[in-house]
Amino acid sequence: MQLIDILILLPTLWGAYIGYQRGIIIEVISIAAFVISVIIGFRALGYASDWISPYVNNRMTEKLVPYIGFGAVFFPIVFLINKLGWTLRKSIRYTVFGSFDSLSGSIVGGFTWAFGISIFIWLTTSIGIKFPEKETQNTYLYPLVKPLAPKIIEKAIDVVPKQINKWRS
């Protein structure tokens, strides 16, 4: 096992541990909360900026109004959706589904971190930063994690528009 494998394994195990503690319900709800908050944040950006702008006088702070408006919408939505998830998690924690929730949460948590590492590797190689070949030879995890994000995003680019068109019609 090379150093690069350890640098991939440690965060992935950490993600699995956090996922186990949080459970799949919280993991999925957190991801959904982020996506929903970004969408609603951008859609409501104009309204939030118009609401905040009468209270802003300075030119410098006027440039910050869109960011403040986005944050004013984004953070409360994330908070409320996550709060709902934790309430749901508490209600099933001591049932039969509690163990399944924790175990599947560890899988999703580990996968989420592995996906994030894959995105990092993908971005660094796309800007010309490459890992030395001697460091990536004889590795176990690097060849598994490196193509993870590009393959998933490539599939999503093909599948998501088709599903959206099906949903609209």
(request) With θ set to phi - 60°, apply the Karplus curve 6.51 cos²θ - 1.76 cosθ + 1.60 along segment 47-55 and write out the HN-Hα couplings as whole Hz, x wherever there is a Gly or Pro. (result) 5, 5, 5, 5, 5, 7, 4, x, 8
(request) For residue 146, list long-range residues whose amide hydrogen, built 1.01 Å from N in the peptide plane, is under 5 Å from its own amide hydrogen. (result) none
(request) Using packing as a proxy for protection, rank 105-113, 36-44, 65-73, 131-139 so that the peptide with the highest average count of other Cβ atoms within 10 Å comes first. (result) 105-113, 65-73, 36-44, 131-139
(message) Given axes a ≥ b ≥ c from the Cα gyration tensor, I'd like to know whether the chain is rounded (a/c under 1.5), prolate (a/b larger than b/c) or oblate.
(response) oblate
(request) Measure nothing but the geometry: give the 0 to 90° angle between the long axis through the Cα atoms of 3-43 and the longest principal axis through the Cα atoms of the chain, rounded to 10°. (result) 20
(message) How would 80, 3 line up from fewest to most surrounding beta-carbon atoms within 10 angstrom?
(response) 3, 80
(request) Treating the angle as unsigned and between 0 and 90°, give the value, to the nearest 10°, between the Cα long axis of helix 148-168 and the longest Cα principal axis of the chain. (result) 50
(request) Rank 144, 80, 3 by how far each Cα sits towards the positive end of the charge dipole of segment 3-168 (+1 on Lys, Arg Cβ; -1 on Asp, Glu Cβ) and give me just the farthest. (result) 80
(message) Kirkwood hydrodynamic radius, segment 1-53, all distinct C-alpha pairs: what's the number in Å?
(response) 14.0
(request) Enter the angle in degrees (range 0 to 90, nearest 10) between the Cα long axis of helix 96-126 and the first principal axis of the Cα atoms of the chain, meaning the one along which they spread out most. (result) 90
(message) Under 17 Å between alpha carbons, and skipping anything fewer than 8 positions from residue 146 in its own chain: which lysines qualify?
(response) 130, 134, 155
(request) Give the calculated FRET efficiency between residue 135 and residue 43 to the nearest 0.05, with a Förster radius of 30 Å applied to their Cβ-Cβ distance. (result) 0.10
(request) Over the chain, calculate the relative contact order: mean separation of alpha carbon pairs under 8 Å at least 6 apart, over the residue count, as a percent. (result) 39
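Read the figures in this text as sums done on the coordinates, not as results from a lab. Computed from a predicted model, the values in this text were never measured in an experiment. Cβ coordinates were reconstructed from backbone atoms using ideal geometry, including for glycine residues, and neighbour counts include every protein chain displayed.
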